[in-house]
Each structure stands twice: as structure tokens, then as C-alpha cells.
Amino acid sequence: TLAHSAEATPYRYGQNLDIAKVISIDVPNSSMCEVVTATMTYRNSAGDVEVLGYEQLSSACTNQN
């Protein structure tokens with residue numbers, strides 16, 4: 001089963017990641033330019049499904065000069 005309902009492990013700067021295949025990336029919608037927490041669901045080299053949370057700028061930031 002996929003880990004969509006599992007809580008995401010927060011990414012730590014410099015963390016070694018074992019990503020064999022990305023299953024999905026979910027980024028929250030925001031009408032404001034702000035930092036949002038995205039989640040990536042992936043399979044590691046052992047075949048286990050893991051969920052990682054990381055911060056990024058919202059898509060609204062790309063429309064601003």
C-alpha cells in the first residue's frame with residue numbers, strides 16, 4: 001500500500017536520500033507568494049514507500065517580479 005496517509009518525515013539540510021522512484025509530489029495551492037510545505041512520496045532502493053516533507057516557495061511567487 002502507498003503511504004499517502006502516512007505523516008511526512010521533515011527533510012533536514014544535508015540529509016542523504018535513497019530515492020529509487022518518485023511516486024508523487026504534492027504542493028499546496030496558495031494565492032500568496034509564501035513558503036509552503038510540499039510532500040514527496042517515493043520508493044527507496046529496498047522498495048519501501050516513504051513520504052518526505054520539504055519547504056518551497058508557492059507557485060504564486062513565479063508570477064511576481
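Here are some notes:
- SER30 at pLDDT below 95 and loosely packed, with under 10 Cβ neighbours inside 10 Å: no
- Residues that are outside any loop (DSSP other than H, G, I, E, B), modelled with pLDDT under 95 and polar (S, T, N, Q) within region 1-27 comprise just one, THR9.
- Whichever residue in region 35-65 is modelled with pLDDT of 95 or more and assigned to a loop (DSSP other than H, G, I, E, B) and, among such residues, is nearest to the chain's Cα centre (by Cα): ASN44
The values are calculated or read from the model by the stated rules, or taken from the named source; none is laboratory data. No experiment lies behind these values; they were computed from the predicted model shown. Ideal geometry is used to build each Cβ from the backbone, glycine not excepted, and the neighbour counts take in all protein chains shown.
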